[in-house]
Each structure stands twice: as C-alpha cells, then as structure tokens.
Amino acid sequence: MSAAERDDEPVTVVLTVNGEARTVSMPVSRTLLDALRDDVGLPGSKTCCAEGECGACAVFLDGKVVSSCLVLGVEAEGHEVTTIEGLSSEGLTDLQEEFLKAGAVQCGFCIPGQVMAAEFLLRCNHSPDQAEIREGMAGNLCRCAGYERIVAAVQATAARRGGAQ
Ligand code: FES
Ligand code: FES
C-alpha cells in the first residue's frame, strides 16, 4: 500500500468538540476543518483559502486560536476543540452583538473566523488599542473590507467587559 493510499484509509477518531465527544471515521489526511464541517455537522467554520492565509476556518484548540484547515482531524484527538457554534451555544455573545451593532457584518463569510480571533485576543488582552486589535487579527481577511467596523466592535466589547479604552 502506498503512503497516499494509507492516508486515505479511514480511521476512527474521537474528537471533543464544544464539550461533547464525537466519534467519527475519517481518512488520516482529512483536515480538522473538513471533519468539523462534514463529519461532525458543524458548518460555522468556513472553508476559503485552505492554506492558512485567511482565518475563515479559525477554531480554538485547547483554548488557542488555530486555522483548522492546517490541522489534521487525527491531530485534534485528545484536545478540546471549540467552534463558533460552541462559543455562541447560549445565544449571541456580547462580541457578536457588538459586531452587529457596529455594522461589521457585510456578506458574513469571514465573521465566524473574525469572532473566534477577536475572542481569543480579548481573552489575552482585556483592553487592546486599535493597533493591537489590527495586529492580533492580521490573519483574518475580510473581502468586504469591513476592518474599521470590526476594530470598533472589538473595542466596544472590551469596554463592555470593563477593559479600559
Ligand atoms: S480556510 Fe483556513 S486559513 Fe483560510
Ligand atoms: S463580511 Fe464579507 S468577507 Fe468579511
């Protein structure tokens, strides 16, 4: 059997997604992004560049934001995965509300990834200034170019959470 054929062989993987164990069968070569969307049934993380350049597929892996298109599903076994669905399992978060209030959601395609990246930033830095927000979210591209409004939404969330501006 060639290496490529081996990578296509299905294996059983137990993923912990949004606090729930999900047992799925997938080829070794399947990305975490594809596993989440196609095997676990959570389409909130978006497929765009599929090479780590746009941030549309951002999820948390053990609390750190990662591009799920760059992680194999099998590599995520034994780790905690949180998707946008998990982040907002009890309704819109304050951050999502501020995105809406700021008019930061245009076509919406990049927004799940933007929200995951912004949430991670705010957990690391409770009162980021504009430059820190731009730097922290530099890996998240928006084709509608709503960056000003996204930055405003993140700042408003920081203020709402009690971070100094
Ligand atoms: S789809 Fe993963 S970074 Fe673009
Ligand atoms: S809102 Fe359209 S790509 Fe960002």
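What follows draws every value from the coordinates through simple rules; no lab data is involved. The shown structure was predicted, so the numbers you read here are calculated from the model rather than taken from an experiment. Using ideal geometry, Cβ is built from the backbone for each residue, glycine included, and neighbour counts are taken over all protein chains shown.
Using the eigenvalues of the Cα gyration tensor, what equivalent ellipsoid semi-axes result for segment 86-165 when each is taken as the square root of five times the eigenvalue, whole Å, largest first?
Semi-axes, largest first: 17, 15, 11 Å.
Testing the spin-label approximation: label points 7 Å from Cα along Cα→Cβ at residue 144 and residue 38. State their distance in nm.
Simple spin-label model gives 2.8 nm for this pair.
When only C-alpha pairs under 8 Å and at least 6 residues apart count, what is the relative contact order of the chain, in percent?
Over the chain, the number comes to 21 percent.
Summing Lys, Arg as +1 and Asp, Glu as -1, what charge do residues with Cβ under 13 Å from the Cβ of residue 18 carry, residue 18 excluded?
-3
Report, as a whole number in µm² per second, the diffusion coefficient that Stokes-Einstein gives for segment 3-87 at 20 °C and 1.002 mPa s using the Kirkwood radius over alpha carbon pairs.
170
Taking θ = phi - 60°, what integer Hz values does the Karplus form 6.51 cos²θ - 1.76 cosθ + 1.60 yield along segment 56-64, in sequence order, with x for Gly and Pro?
Values per residue, Gly and Pro as x: 5, 9, 4, 9, 9, 10, 6, x, 10 Hz.
Residue by residue, what Karplus-based ³J(HN,Hα) values in Hz, rounded to whole numbers, does segment 139-144 have, using 6.51, -1.76 and 1.60 with θ = phi - 60° and x for Gly and Pro?
With the stated coefficients, segment 139-144 comes to x, 10, 8, 10, 5, 7 Hz.
Filter the trypsin sites (Lys or Arg not before Pro) in segment 102-145 down to the DSSP loop ones having no more than 16 other Cβ atoms within 10 Å, then list what survives.
143
Expressed in nm to one decimal, what extension gain is obtained for the pair residue 49 and residue 125 from 0.36 nm per residue of sequence separation less their Cα-Cα distance?
Separation in residues times 0.36 nm, less the Cα-Cα distance, equals 24.6 nm.
Under a crude label model (7 Å from the Cα following the beta-carbon direction), how far is residue 5 from residue 134 in nanometres?
Roughly 5.4 nm, to one decimal.
Shape of the chain from its Cα gyration tensor (a ≥ b ≥ c, root eigenvalues): rounded if a/c is under 1.5, otherwise prolate when a/b > b/c, or oblate?
prolate
For segment 3-87, what does the relative contact order come out to in percent, with C-alpha contacts under 8 Å and a separation of six or more?
Computed over segment 3-87, the figure is 34 percent.
Which of the GluC sites (Glu not before Pro) across segment 65-151 are loop residues per DSSP, with 16 or fewer other Cβ within 10 Å?
Qualifying residues, ordered by number: 77, 90.
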